[in-house]
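J.: Below you'll find the structure I mean.
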Amino acid sequence: DDGEVVTAAASEIDIIPPKKSDKIKIINGEQRGGTGKLIGIDGADGIVKMDETLDIKILDMSNLAKLA
């Protein structure tokens, strides 16, 4: 990673649903912008261990995207 910043329109981005153990970014809701690890999935809910605080959060899977 060379730290290059790339700007893209929303129409140019594909949001990939995360799978268990993936690094994620929260794309909607109160925690938007946060990152963490998806440690489990319960129906439509994702169980996320947040990077910054190490808190466990239960978030709607539709608000989560896989980080590359």
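Only the coordinates and a few stated rules stand behind these numbers; no lab work does. Quick caveat, the model's predicted, so the values are computed rather than measured. Backbone-built Cβ (ideal geometry, glycine too); neighbour counts: all protein chains shown.
J.: Assuming 1.567 mPa s and 4 °C, estimate D for the chain with Stokes-Einstein, Rh taken as the Kirkwood radius over Cα pairs, in µm²/s.
T.: 104 µm²/s
J.: Take the Cβ-Cβ distance between Leu54 and Val5 as r, set R0 to 22 Å, and report the resulting FRET efficiency rounded to the nearest 0.05.
T.: 0.20
J.: Mind listing the phi-derived Karplus ³J(HN,Hα) values for segment 62-68, rounded to whole Hz, using 6.51, -1.76 and 1.60 with θ = phi - 60°, and x for any glycine or proline?
T.: For segment 62-68, the Karplus curve yields 5, 9, 10, 10, 6, 8, 6 Hz.
J.: Go through segment 40-52 residue by residue and turn each phi into a ³J(HN,Hα) via Karplus (6.51, -1.76, 1.60, θ = phi - 60°); whole Hz please, and just put x for glycine and proline.
T.: Couplings: x, 10, 10, x, 8, 9, x, 9, 10, 9, 5, 5, 5 Hz.
J.: Between Leu67 and residues 5 or more places away or on another chain, which pairs have amide H atoms under 5 Å apart, with H built 1.01 Å from N, and which residues are they?
T.: Lys23, Ile24, Lys25
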